[in-house]
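Participant: One structure, pasted below without further comment.
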Amino acid sequence: MDFIQPLKYLGDLVYPKICLNCSSWLVRGEDSICLHCFEGLPRTGYHFQKNNPVERLFWARIPIAYATSYLFFSEKGIVRNLMHTVKYKDGRDPAFLLGKLFASELKENKSEYKPDFIVPVPLHPSRQRQRGFNQSEQIALGMAEILETEVRNDVIKRNHFSGSQTKKSRYERWENVQSEFVLGENPMVYGKEILLVDDVVTTGATMESCAQVLLDQVPKKLGLATLAMAHR
Ligand SMILES: [Zn+2]
């Protein structure tokens, strides 16, 4: 017996397919956002520029091969709207879709994005439990499908002693000596080309901290990609 199909149709009835940004009905061939909103995405085009603003953000901080962001993030606008959907509703599909759109643009125009694997910036374990998934991982999964590579979550993890829930008095000394990120159970990155992926970059502090742990393992190349860039 096939229980799956009827449930799928029921799902379509309960959650009709509308554009995540403007709520208009989607037509055949449109996936999660309508063509109008897709064309209106505020693309940075940074991956077509040498020494683009994301790369400059990391100058004199960490030695990276390349860096880019797909979209501009602003407090009012389509990207925030979509990121809000990604973050606070069941956003697996939108995050995955945005990752695919991002990677399609990279693949078309920049042949150097050929990582051996993609590492998503891990969420703090308690936040991941709260939210149920890591949106950076969903973005990475969408990108990996287009770039024909894999996503690895066993390379790096978030330090349990970091984050807002830390009892400072108790773990103060730990915080001083430990990075926000530590190596995961399978940190084999030596000689590999890695793409580190996050949702939004602002100051670059989180990515820098994460990238440093990877760079200590001497990869061949490290590239950075975020779905959006916010102005400081
Ligand atoms: Zn729309």
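Every number here is computed from the coordinates shown, using simple stated rules; none is lab data. Here the structure is a predicted model, which means the values were calculated and not measured. Positions of Cβ are generated from backbone atoms using ideal geometry, with glycine treated the same way; all protein chains shown enter the neighbour counts.
Participant: So what are the ³J(HN,Hα) numbers for segment 116-131, from phi and the Karplus equation (6.51, -1.76, 1.60; θ = phi - 60°), rounded to whole Hz, Gly and Pro as x?
Facilitator: 5, 7, 10, 10, x, 5, x, 7, 4, x, 5, 6, 5, 4, 4, 8
Participant: Between segment 25-43 and segment 112-158, what is the C-alpha centre distance in whole Å?
Facilitator: Cα centres, segment 25-43 to segment 112-158: 24 Å.
Participant: How large is ³J(HN,Hα) for each residue in segment 146-153, as worked out from phi by the Karplus curve 6.51 cos²θ - 1.76 cosθ + 1.60 (θ = phi - 60°), to whole Hz, x for Gly and Pro?
Facilitator: 6, 7, 6, 9, 10, 9, 10, 9
Participant: Fewest first, what order do 48, 96 take by the number of other Cβ atoms within 10 Å?
Facilitator: Ordered from fewest to most neighbouring Cβ atoms within 10 Å, 48, 96 come out as 48, 96.
Participant: I've got another one for you. Please compute the length gained on full extension between residue 154 and residue 206, using 0.36 nm multiplied by the number of residues separating them and subtracting their Cα-Cα distance.
Facilitator: 16.9 nm
Participant: Continuing with this model, one more query. Hey, fewest Cβ within 10 Å first, where do 192, 114 land in order?
Facilitator: Least to most surrounded, the residues fall as 114, 192.
Participant: Name the residues whose placed amide hydrogens come within less than 5 Å of the amide hydrogen of residue 156, ignoring near sequence neighbours (fewer than 5 apart) on the same chain.
Facilitator: 184
Participant: OK, next. Sum up the charges of everything whose Cβ sits under 13 Å from the Cβ of residue 226, counting Lys and Arg as +1 and Asp and Glu as -1, but leave residue 226 out.
Facilitator: -4
Participant: Shifting gears a bit: Check which residues have an amide H placed less than 5 Å from residue 31's amide H, if you skip close sequence neighbours.
Facilitator: Excluding prolines and chain starts, which carry no amide H, there are no hits.
Participant: Label points 7 Å out from Cα along the Cβ direction at residue 30 and residue 126: separation in nm?
Facilitator: Between residue 30 and residue 126, the simple spin-label model gives 4.2 nm.
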